[in-house]
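In what follows, a single structure is set out as structure tokens and then discussed.
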Amino acid sequence: MSEPKIAILGSGANGASIGADLIRDGLDVTLIEQWPAHVEAMRAGGLTIEMPETTLHVKPRTMHLCEVATLKRPFDVVLLLMKAYDTRWATQLIEPYLAADGVVAGVQNGMTTDTIAEVVGAHRTMGTVIEISSTMYEPGLVHRHSGPARSWFAVGALTDEAAHHEERVADILGHSGTVARVDDILATKWMKLVSNSTVLVTTAILGAPMLDALAVDGMRELMIRAGQEALATGLALGHPILPIFGLQPSEISRPETVVETLLDRLYAGFVLPGATTTVLQDWTKGRHSEVDDLNGHIVAAGSRTGVPTPVNSSVVEVAHRIERGELAPGLDNLVVLLELISERDRA
């Protein structure tokens, strides 16, 4: 099998981190990015990934989004690392430049796999779970809190037709972290959604790093309740409880403790001091976050299945108020959240 031609579509903090690992190991990689200054910085001075254990500097091949139309050769593998809400248009952008037997792997948060399949076909789609912690505030410079030894992925096909892509995608992501191949990728992604609904928006609302937010009185209980709602909604949809983050099946055998187990594993294995969530990073940059694809997805699915979601609904409401400029991320928002949850519990 010839060396695959790889595109990383969405080369922000996580995409650039993965891309740098692939370039370091000699793979044929093109980074495609929508932030013009980041592309130009990488072209001028290369890409630097600062990690606790080392610093990696590479000279990537890069493209602006507007340059995709100039491509002459198709890609065999596209790692899609755009925000969840950008999935459809980004997949449509790259579809004409995907090889007939190529694959798009949605290396994203949120339940994006079916959206990708609607554009390129299930036979060219790979579901993927990602667990990397990184930030980027300057073009060309990424602070990756969890290096390859502390990063984790899962890959799985939607159909038997796509199963032959699993090994290739797993091998590629294996340059950047530990990779698990799973039989039920949609259920596995839902388990990651359970974890995300517990941590990402909740801690961002407090405007604090993940470790600091967890230590605030009342936050751990609130976060676990958000995850329990997400877990119950997944079960109502027919998704089984599956291990992620390297957990063993025996560690998640009790549904009543699954969310707490996921939370403790995430914080013990992947969260370092000072690390903030992608949601808080977006708000700091004045950008819309993925709240509607995370906690909002739980609320919508809970409404369809009859599962109450007072905590996730309150989290979404406060997040929307922050994005409208009515609130700023900060510790005072915990009082607002608890009041809204109490009102919904009484309703």
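Bear in mind that the values in this text are calculations on the coordinates, not laboratory data. From a predicted model like this one, the values you see are computed outputs, not experimental measurements. Note that each Cβ is placed from the backbone with ideal geometry, even for glycine, and that neighbours are counted across all protein chains shown.
Some notes on this structure:
- Partners of LYS83 within straight-line reach, counting aspartates and glutamates whose Cα lies under 13 Å from its Cα and excluding those fewer than 8 residues away in the same chain: GLU33, ASP282, GLU290, ASP292, ASP293.
- Longest site-free stretch - the chain; sites: GluC sites (Glu not before Pro), DSSP loop, at most 14 other Cβ within 10 Å: 54-325
- Think of the range 12-93 as having a plus end and a minus end, set by charges on the Cβ of Lys, Arg, Asp and Glu; of ILE23, PRO52, PHE75, PHE75 sits farthest toward the positive end of this dipole.
- Computed over the chain: relative contact order in percent, which uses C-alpha pairs under 8 Å that are six or more apart: 14
- At 0.692 mPa s and 37 °C, Stokes D of the chain from Kirkwood alpha-carbon radius, µm² per second: 161
- Sorted from longest to shortest, the spans of the Cα atoms of the range 5-183 along the three principal axes equal 41, 36, 29 Å.
- Cα gyration tensor of the range 187-346 - equivalent ellipsoid semi-axes, whole Å, descending: 23, 19, 14
- The trypsin sites (Lys or Arg not before Pro) of the range 247-347 meeting both criteria, a DSSP state outside H, G, I, E and B (loop) and at most 15 other C-beta atoms within 10 angstrom of the site's C-beta, are LYS285, ARG287, ARG324.
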